[in-house]
Amino acid sequence: MKRLDQMIHTHQTAPTQFVEANGIRFAYRRFGNASGVPLVFNQHFTGTMDHWDPAVTDGLANEREVILFNNAGVASSSGQVPTSIEGMAANAIAFIGALGLSRVDVLGFSIGGLVAQEIAGQAPGLVRKLVLVGTGPRGGEGMANLTPEAQQIFGATYQEPDHLWLAVHFTRSEASQAAGHDFLKRFRLRKENRDPEVNEKVAPAQLEALGKWGIQFKGSYAYLKAISQPTLVVNGGKDVIVYSVNSFILQQHLPNAQLILYPDANHGSQYQYPELFVRHVSMFLSADERRGV
C-alpha cells in the first residue's frame with residue numbers, strides 16, 4: 001500500500017513525513033515509481049524541499065522513486081545545522097538508514113553536491129551513482145568564500161523576494177530570464193503544506209561549512225580518486241555562484257565521471273533546461289540498471 005501511495009503522489013501532493021535518526025526529526029517526502037534504486041536529493045544553500053523544481057522532481061519520478069528531505073536544522077527538520085560538510089553528510093547517511101534503505105542514488109545541488117560527495121566517501125557501499133549539479137571539489141576555484149558575484153546577488157534587495165532566484169540560478173540574457181520566470185511559476189505550484197522558510201541560524205552555519213570545505217591546500221582534490229561511483233557532473237557554462245571550472249575539475253579528478261555544461265546557463269542550469277536535464281539524468285541512472293548493476 002505504501003508503494004501504491006507513493007506512485008499516486010507528485011511533487012505538489014506528496015505528504016511531508018518524519019523519521020528520527022541521530023536525535024534529529026527529519027522531514028521528508030517520497031513519491032514516484034517505487035521500483036529500482038531510489039534517488040535522494042540534497043538541496044542548495046538555505047533551500048528547503050519546496051525549492052526544488054517540480055519539472056525536475058516529477059520528471060525523474062516517472063521512472064524512479066524520488067526522496068526529498070531537509071537536513072538537520074533546515075525548515076521543518078529539527079536539530080542544528082552542522083558547521084561542516086562532513087557533519088551534514090553523516091546526518092544524511094543516518095536519515096537514509098532510518099528509511100531502511102541499503103542502496104541509493106544521490107543527487108546534490110550546490111552545497112548539496114558537497115554533501116553528496118561526502119556521503120559517497122563516508123558510506124561508499126550505500127551509494128550506487130552520483131549526480132553533482134552546480135557544485136565543486138574541496139578547495140575548488142573561488143570556493144573559500146562566496147564569489148564576488150554571489151555576495152552581490154545575496155546582498156541585494158529585491159522587489160519580489162523570489163526574484164533573488166532569478167539572479168542566483170539564471171543569466172541576465174532575455175532567454176535565460178524568461179526560463180527563470182517559468183521556473184518561479186512552477187516553484188510556487190505547491191500551495192498546501194509548504195515548508196517554512198529557514199530560520200536565521202541556517203545561513204551562518206552553512207557559510208561556515210562552505211568556508212571550511214573551500215580552503216585550498218596541496219592535494220585538496222586527492223579525495224576524489226576514492227569516489228569510484230559513476231558520476232554525472234552538470235552545470236551551466238556561466239555559473240557565477242560556484243564557478244563552472246569547478247565542474248571540469250570534478251570530472252577530471254573523479255575516476256568515472258562525465259560532464260555536461262548547458263549554454264547560457266548560470267547556477268540553476270537544471271531549472272533552465274528541465275526536460276533536457278531529466279532526460280540526461282534518466283539516461284545516466286538507467287544505464288546498466290536493468291542488469292542490476
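Scanning the stretch 3-62 for residues that are assigned to a loop (DSSP other than H, G, I, E, B), in contact with a helix residue (DSSP H, G or I) (Cβ under 9 Å, 6 or more places away or on another chain) and of a type in the set (Val, Ile, Thr) gives Thr10, Thr16, Val37, Thr46. All of (1) at pLDDT below 95; (2) farther than 27 Å from Tyr223 by Cα hold for Ala144 with one exception: (2).
Each residue in the stretch 12-47 was checked for being of a type in the set (A, V, I, L, M) and touching an Asp or Glu at 6+ places or on another chain (Cβ under 9 Å), and 5 of them qualify. Yes or no: the stretch 227-247 includes at least one residue that is under 18 Å from the mean Cα position of the chain (by Cα) and assigned to a helix (DSSP H, G or I). Yes: one or more hits. In this structure, does Ser282 turn out to be surrounded by 14 or more Cβ atoms within 10 Å (Cβ to Cβ), of a type in the set (Gly, Ala, Ser), part of a loop (DSSP other than H, G, I, E, B) and in contact (Cβ under 8 Å) with a residue 12 or more places away in the chain? Against the criterion (surrounded by 14 or more Cβ atoms within 10 Å (Cβ to Cβ), of a type in the set (Gly, Ala, Ser), part of a loop (DSSP other than H, G, I, E, B) and in contact (Cβ under 8 Å) with a residue 12 or more places away in the chain), Ser282 does not qualify. Checked against (1) under 19 Å from Asn91 (Cβ atoms); (2) surrounded by fewer than 20 Cβ atoms within 10 Å (Cβ to Cβ); (3) among the polar types (S, T, N, Q), Gln151 meets all criteria but (1).
Per-residue answers, yes or no, for (1) touching a residue at least 40 places away in the same chain (Cβ under 8 Å); (2) out of contact with any Ser or Thr (no Cβ under 6 Å at 6 or more places or on another chain):
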{"residue": "Gly139", "(1), (2)": "yes, no"}
{"residue": "Asp162", "(1), (2)": "no, yes"}
{"residue": "Ala175", "(1), (2)": "yes, yes"}
{"residue": "Leu184", "(1), (2)": "no, yes"}
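In this structure, is Gly236 under 19 Å from Ala55 (Cβ atoms), in contact (Cβ under 8 Å) with a residue 60 or more places away in the chain and touching a Ser or Thr at 6+ places or on another chain (Cβ under 8 Å)? In short, yes. Here Ala75 does not qualify as in contact with a Phe, Trp or Tyr (Cβ under 6 Å, 6 or more places away or on another chain), over 22 Å from Val127 (Cβ atoms), in a loop (DSSP other than H, G, I, E, B) and among the aliphatic types (A, V, I, L, M). Out of Gly100, Gly87, Gly108, I need the residue that is within 19 Å of Thr16 (Cβ to Cβ) and either modelled with pLDDT of 95 or more or out of contact with any Asp or Glu (no Cβ under 7 Å at 6 or more places or on another chain) (or both). Which one? Of the residues listed, the single one that is within 19 Å of Thr16 (Cβ to Cβ) and either modelled with pLDDT of 95 or more or out of contact with any Asp or Glu (no Cβ under 7 Å at 6 or more places or on another chain) (or both) is Gly100. Scanning the stretch 1-28 for residues that are over 20 Å from the mean Cα position of the chain (by Cα) and among the polar types (S, T, N, Q), we see that the one that is modelled with the highest pLDDT is Thr13.
For the stretch 253-268, the tally of residues that are among the polar types (S, T, N, Q), surrounded by 13 or more Cβ atoms within 10 Å (Cβ to Cβ) and within 23 Å of Val127 (Cβ to Cβ) stands at 1. When the stretch 154-177 is filtered for residues that are surrounded by 20 or more Cβ atoms within 10 Å (Cβ to Cβ) and within 19 Å of Gln206 (Cβ to Cβ), the ones remaining, listed by number, are Trp165, Ala167, Val168, His169. Pick from the stretch 191-226 the residues that are outside any helix (DSSP H, G or I) and hydrophobic (A, V, I, L, M, F, W, C): which of them is nearest to Pro137 (Cα to Cα)? Out of the qualifying residues, it is Ile215.
When restricted to residues that are of a type outside the set (Asp, Glu), at pLDDT 95 or above, closer than 24 Å to Gly237 by Cα and surrounded by 14 or more Cβ atoms within 10 Å (Cβ to Cβ), the stretch 178-206 contains 5.
The values are calculated or read from the model by the stated rules, or taken from the named source; none is laboratory data. Here the structure is a predicted model, which means the values were calculated and not measured. All Cβ positions, even for glycine, are placed from backbone atoms using ideal geometry, and neighbour counts span all protein chains on display.
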